[in-house]
Amino acid sequence: SRVLGNPAYSNLPRKFKSAVSGSPRHDVAHEINDVSFIGVVHPEHGPGFDVWVGGGLSTNPKLAVRLGAWVPLDEVGEVYEAVIGVFRDFGYRRLRNKARLKFLVADWGPQEFRRVLQEEYLGRPLLDGPEPPAPSAGARDHVGVHPQQDGRFYVGAAPMVGRISGTKLGRLADLAAEFGSGRLRLTAHQKLVVLDVPGDRTEALSRELAELGLRTTPSVFRRSAMACTGIEYCKLAISETKARTADLVEELERRLPDFDEPVAIHVNGCPNSCARFQVADIGLKGVLVPGDGEPVEGFQVHLGGSLGERSGFGTSLRGHRLAGEELADYVERLLLAYQDERELGESFAQWTVRAEEGSLR
């Protein structure tokens, strides 16, 4: 209510991404939002939030930075409004290709940003605070059956590359009412969660969801795959994404049924990174590639990106572009090379850093 409908902030750009999470899973991808508040416990003041600013992907990806400031719950709105005020007054709003907070933060750095925020907008210093602890065990996506604090459970399921029909949504609403309290949540990872399920009903709900193609124990490929809207509905897209990624997932499940290492495959139809291809193990960006006479839809390959303890952007293989029908053969070849060459406990992203270029192509 401090910001929405307030004429003082009516000229923000088309995209200003905000996130708040109290989950130890760090489930909102705070590393790539304009501003995020991540739950932490201050050693003296108790539960509150750590503030991050200046993240974003698209054609100039940048990771958010910590301000090192701790904010209690009742001050989040005030600090959030102040961050927006800094961007409005100092951000490069008149430059369309730099109309994001990440460019200002990159130029100023976190210390200067915090100083201006405190002195010119809040009129007081913020408390220093601790860094959020490493994410708790398990993925950020909330897939599977997990306990709530009230003794009930939530059940997270993975639609195929985030796509679900209206008919299935209707049935999903019925299941949420039948097995839970009617509450559903959508995650920042193209997954969905049914809340408030009694412990003795989670298995039955999981079976019902599976009948809709919404699996609570999906393969590593189905669980981690993401795809943007693609050329089917987006005027910016160069390549088709949803159906192509679904076909890729099904093909990998058939070819590599025993592959069990988490590997995120994100497919994006253009450079704008709605599906976050720069922070995926295998990121595929839509491009045109030479065909028989005319260019055809294809993808540029980015490898080794991640969010979390080892946040970083994937590396683009110079000149390495694939036609859409080449994806399954390439990803299979890549994953088999990883299985053959990896060291004990080495993740896919870590392997891509040291692997010979021949293994990556």
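The values are calculated or read from the model by the stated rules, or taken from the named source; none is laboratory data. Keep in mind that this is a model prediction, so the values were computed, not measured. Using ideal geometry, Cβ is built from the backbone for each residue, glycine included, and neighbour counts are taken over all protein chains shown. Note: accessible area is taken over every heavy atom of the protein model, side chains too, but ligands, DNA and RNA are not part of it. Shrake-Rupley method; radii C 1.70, N 1.55, O 1.52, S 1.80 Å.
Out of 236, 256, one residue alone is within 22 Å of residue 325 (Cβ to Cβ), open to solvent by 10 Å² or more (accessible area, probe 1.4 Å) and hydrophobic (A, V, I, L, M, F, W, C). It is 256. Might you let me know whether the stretch 105-122 holds any residue that is open to solvent by less than 30 Å² (accessible area, probe 1.4 Å) and assigned to a loop (DSSP other than H, G, I, E, B)? Yes: the stretch 105-122 contains one or more residues that are open to solvent by less than 30 Å² (accessible area, probe 1.4 Å) and assigned to a loop (DSSP other than H, G, I, E, B). Somewhere in the stretch 275-286, is a residue over 23 Å from the mean Cα position of the chain (by Cα), open to solvent by 20 Å² or more (accessible area, probe 1.4 Å) and either at pLDDT 85 or above or over 27 Å from residue 55 (Cα atoms) (or both)? Within the stretch 275-286, not a single residue is over 23 Å from the mean Cα position of the chain (by Cα), open to solvent by 20 Å² or more (accessible area, probe 1.4 Å) and either at pLDDT 85 or above or over 27 Å from residue 55 (Cα atoms) (or both). Considering the stretch 260-310, the residues that are in a strand (DSSP E or B) and among the polar types (S, T, N, Q) include one that is farthest from residue 62 (Cα to Cα), namely 300. Among the strands (runs of 3 or more DSSP E) contained in the stretch 126-222, which hold 1 or more residues that are open to solvent by less than 50 Å² (accessible area, probe 1.4 Å), out of contact with any helix residue (DSSP H, G or I) (no Cβ under 8 Å at 6 or more places or on another chain) and free of Cβ contacts under 8 Å to residues at least 12 places away in the same chain? Answer list for the stretch 126-222: 144-147.
Of all the criteria given as (1) in contact with a strand residue (DSSP E or B) (Cβ under 6 Å, 6 or more places away or on another chain); (2) without any contact (Cβ under 8 Å) to a residue 12 or more places away in the chain, the one not satisfied by residue 118 is (1).
One residue stands out in the stretch 1-30 among those that are of a type outside the set (Gly, Ala, Ser) and open to solvent by 70 Å² or more (accessible area, probe 1.4 Å): the one that is modelled with the highest pLDDT, namely 20.
Taking the numbered list (1) closer than 30 Å to residue 305 by Cα; (2) assigned to a loop (DSSP other than H, G, I, E, B) in turn, residue 66 passes all entries but (2).
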